[in-house]
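First comes the structure, then the notes that go with it.
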Amino acid sequence: MVAINLPLNTTEIRCQEKSRGGLSYEVILAEPAPNVAVPKRPVTPGKNVSVEEIEQKLKAAEERRISLEAKKMADISNKLAKVEEATRKKDEITNEFITQTKEQLESKMELHVEKREAIISDMKEKLKIHAQEIEKTRETLEQQKANEQKAIEEKLKIAQSLRDENIKKMLNRLKEHERRAEIVRQNKAQAQDLDGQQSAIASSG
């Protein structure tokens with residue numbers, strides 16, 4: 001708490017900081033002290049002071065007191081105005097700082113979000129290209145597999161055909177061999193019959 005004492009002990013200003021960034025002021029105006037003796041000029045010997053002169057002097061003293069108090073009030077008002085202006089400027093600076101900080105944070109957040117979205121978009125594009133390459137590779141492998149399967153089937157067909165042809169040729173050769181063997185057997189049998197007949201004729205002669 002800060003107390004400001006003004007002259008004549010008639011006015012007191014008390015300044016107390018209530019909260020951060022806020023000030024509270026208490027102005028106490030002292031009441032005129034009762035039975036205050038008004039200084040009087042010494043009475044000039046031989047001169048009588050009239051009641052009217054006394055009243056004028058009292059009136060002038062009262063006017064001086066009122067003027068002095070008005071001046072004090074004006075000084076107090078000026079001081080309070082300066083304090084309020086300082087507080088207002090402080091609040092303006094604080095609010096401006098808060099606003100700038102908020103804008104900077106929002107700008108950083110927006111930039112962060114944009115970068116994050118760009119990274120995600122780039123990753124999606126790369127994954128898409130990678131998936132397309134995988135699909136293309138899969139299709140190529142499947143085509144190669146189909147071609148190889150077809151080639152194998154063709155080779156098997158050719159091999160089967162050759163095998164069947166060889167078997168057929170072998171069977172034909174075997175049949176030809178059997179036919180020739182049968183002819184040989186028949187010729188041999190005929191030769192034996194002819195020899196037997198000749199032997200029988202020779203014996204009978």
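All of the numbers you see were taken from the coordinates with simple rules; none came from a lab. What you are looking at is a predicted structure, and each value in this text was computed from that prediction instead of being measured. Using ideal geometry, Cβ is built from the backbone for each residue, glycine included, and neighbour counts are taken over all protein chains shown.
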Is there a residue in the range 94-114 that is in contact (Cβ under 8 Å) with a residue 40 or more places away in the chain, assigned to a helix (DSSP H, G or I) and not charged (D, E, K, R)?
yes
Against the definition (out of contact with any Asp or Glu (no Cβ under 6 Å at 6 or more places or on another chain) and touching a residue at least 40 places away in the same chain (Cβ under 8 Å)), how does K128 come out, yes or no?
no
